[in-house]
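A.B. asks: Here it is: the structure, laid out below.
The values are calculated or read from the model by the stated rules, or taken from the named source; none is laboratory data. As the structure is a prediction and not an experimental result, all values here were calculated from the model. Glycine gets a Cβ as well: all are built from the backbone with ideal geometry, and neighbour counts include every protein chain shown.
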Amino acid sequence: ARPKVFVTRRVPARGIDLLKDKFVVSQWDREDRIPPEELLRGVKGVDALFCLLTDKIDKDVLDEAGPQLKTICTMSVGYEHIDISECKKRNIPVGFTPDVLTNATAELTMSLLLATSRRLKEAMTAVEDGSWGTWNPIWMLGHGLDGATVGIVGLGRIGLAVAKCLLSFGVSRIVYSGNSQSKNAQEVNAEFVSFDYLLEHSDFILGCCSLTANNMGLFNAEAFNKMKTSAIFVNTSRGGLVNQDDLYNALKSGKIAGAGLDVTNPEPLPTDSPLLTLSNCLVLPHIGSATEKARSAMSELTARNIIAVFDNKEMPSRLNI
Ligand code: GLV
Ligand code: GLV
């Protein structure tokens, strides 16, 4: 009998087409998030799970699936939604989708940097509400990237791609922090510094690291207090890195100049979030990898990760756990 795979959402067709050749595919074929009870129903008895970052894959889901479950593959680079130690205990290989979304996510990070540094949210509002009086030599001034120091927290694949873009914008210095030095830092002349040094010296601070138990709420009041008052904070990794109440206070009181967030905690961000009342805070709905090309490639890679397991081959992108 052909193995069964459960897909937890409507996804770009590429991956589903590949799976249909070899698997019996069942799917939550909708654009809304699968309810937890439907997830439990869907995984029952399947051999493979194709999931998203919005699915919580915990012990209950694994138990409900049953011992025949051979692999869990997420259509994302982040994997904090999966209970990795439980997968390891059960010898279930986990697949993910790095690399194919790196350029798209770097582009979106640059979009937020440029938009916040040049105050696009305020500027657009001024056009719309009539407060644009005249061309004004001392109005709507921002701090550009030219000559700036940029601090990247987490110089992984995405951080490195952003650094490459930054060089062409004429930044004078790139510093980075993280658990360890990055072997690619030399390529972009990035200097490894302590987190505190990065906070104190950067004009722009970028969150580009994955979320772990150790860096939850890393960007809190203490961190914002160390930043320059002209600093702009951009986060395109995970909302859990940020204490949002502290960020709100830092932006409101002028401790930092602006923020651009593609990720929040929770997602979606409630529409009554105080962050949305601030003209110097630009919030996007987690669209870092949202290009046709990247999402199609992510769907395909997730399918190829699954297929490899059943062909007894190396997964193209297996998480090292
Ligand atoms: C997006 O946030 C991802 O993890 O792929
Ligand atoms: C994080 O996953 C990165 O690729 O930088």
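A.B. asks: With the condition kept exactly as written, say whether any residue in the range 250-268 is part of a helix (DSSP H, G or I), within 16 Å of ligand 2 (Cβ to nearest atom) and touching a residue at least 24 places away in the same chain (Cβ under 8 Å).
C.D. replies: no
A.B. asks: In the range 175-211, which residues are under 23 Å from Ala104 (Cβ atoms), within 16 Å of ligand 2 (Cβ to nearest atom) and touching a Gly at 6+ places or on another chain (Cβ under 8 Å)?
C.D. replies: Of everything in the range 175-211, those that are under 23 Å from Ala104 (Cβ atoms), within 16 Å of ligand 2 (Cβ to nearest atom) and touching a Gly at 6+ places or on another chain (Cβ under 8 Å) turn out to be Tyr176, Gly178, Ser182, Ile205, Leu206, Gly207, Cys208, Cys209, Ser210, Leu211.
A.B. asks: State yes or no: is Thr71 modelled with pLDDT of 95 or more, away from ligand 2 (no atom under 14 Å from the Cβ), under 23 Å from Ala294 (Cα atoms) and in contact with a helix residue (DSSP H, G or I) (Cβ under 8 Å, 6 or more places away or on another chain)?
C.D. replies: Judged against the criteria, Thr71 is a match.
A.B. asks: Separate question: Output the residues belonging to the range 131-161 that are of a type outside the set (A, V, I, L, M) and either within 13 Å of Gly178 (Cβ to Cβ) or within 16 Å of ligand 2 (Cβ to nearest atom) (or both).
C.D. replies: Within the range 131-161, Gly151, Gly154, Gly156, Arg157, Gly159 qualify.
A.B. asks: For the range 79-101, state whether one or more residues are in contact (Cβ under 8 Å) with a residue 24 or more places away in the chain, part of a helix (DSSP H, G or I), within 16 Å of ligand 1 (Cβ to nearest atom) and more than 30 Å from Leu39 (Cα to Cα).
C.D. replies: No, that holds for no residue.
A.B. asks: Residues Leu19, Leu52: which one is of a type in the set (A, V, I, L, M, F, W, C) and either at positive phi or in contact with a helix residue (DSSP H, G or I) (Cβ under 7 Å, 6 or more places away or on another chain) (or both)?
C.D. replies: So the residue among Leu19, Leu52 that is of a type in the set (A, V, I, L, M, F, W, C) and either at positive phi or in contact with a helix residue (DSSP H, G or I) (Cβ under 7 Å, 6 or more places away or on another chain) (or both) is Leu19.
A.B. asks: Restrict the check to the range 24-36 and report whether at least one residue is more than 19 Å from Ala303 (Cβ to Cβ), within 16 Å of ligand 2 (Cβ to nearest atom) and not aromatic (Phe, Trp, Tyr).
C.D. replies: no
A.B. asks: Next question. Taking the range 282-306 as the region of interest, how many residues are of a type in the set (D, E, K, R) and either within 29 Å of Thr116 (Cα to Cα) or within 16 Å of ligand 2 (Cβ to nearest atom) (or both)?
C.D. replies: Count: 3.
A.B. asks: Can you confirm whether Lys226 is among the basic types (Lys, Arg) and within 22 Å of the chain's Cα centre (by Cα)?
C.D. replies: So Lys226 fails the test.
A.B. asks: Let me ask another. Any residue at all in the range 306-321 that's surrounded by fewer than 16 Cβ atoms within 10 Å (Cβ to Cβ), assigned to a helix (DSSP H, G or I) and at pLDDT 95 or above?
C.D. replies: For the range 306-321, residues surrounded by fewer than 16 Cβ atoms within 10 Å (Cβ to Cβ), assigned to a helix (DSSP H, G or I) and at pLDDT 95 or above: absent.
A.B. asks: May I ask you to say which residue of Ser177, Ser131 is loosely packed, with under 15 Cβ neighbours inside 10 Å and modelled with pLDDT of 95 or more?
C.D. replies: Ser131
A.B. asks: Here's something else I'd like to know. Would you pick out the residues in the range 28-42 that are outside any loop (DSSP other than H, G, I, E, B) and in contact (Cβ under 8 Å) with a residue 12 or more places away in the chain?
C.D. replies: Listed by number, the residues that qualify are Pro36, Leu39, Leu40, Gly42.
A.B. asks: Looking only at the range 224-241, decide whether some residue is without any contact (Cβ under 8 Å) to a residue 24 or more places away in the chain and farther than 18 Å from Leu112 by Cα.
C.D. replies: The answer is no, given that none of the residues of the range 224-241 is without any contact (Cβ under 8 Å) to a residue 24 or more places away in the chain and farther than 18 Å from Leu112 by Cα.
Yes or no, residue by residue, for (1) within 28 Å of Ile84 (Cβ to Cβ); (2) in contact (Cβ under 8 Å) with a residue 40 or more places away in the chain; (3) buried (at least 23 other Cβ atoms within 10 Å of the Cβ):
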position	(1), (2), (3)
Val162	yes, yes, yes
Gln186	no, no, no
Glu191	no, no, no
Asn280	no, yes, no
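A.B. asks: Something else about it: If Met140 satisfies all but one of (1) part of a loop (DSSP other than H, G, I, E, B); (2) touching a Ser or Thr at 6+ places or on another chain (Cβ under 9 Å); (3) closer than 19 Å to Leu278 by Cα; (4) of a type outside the set (Val, Ile, Thr), what's the number of the condition it fails?
C.D. replies: Just one mismatch for Met140, condition (2).
A.B. asks: To continue, here is another question. Just wondering, is there one or more residues in the range 92-111 that are away from ligand 2 (no atom under 16 Å from the Cβ) and under 20 Å from Ala294 (Cα atoms)?
C.D. replies: Yes; the residues of the range 92-111 include at least one that is away from ligand 2 (no atom under 16 Å from the Cβ) and under 20 Å from Ala294 (Cα atoms).
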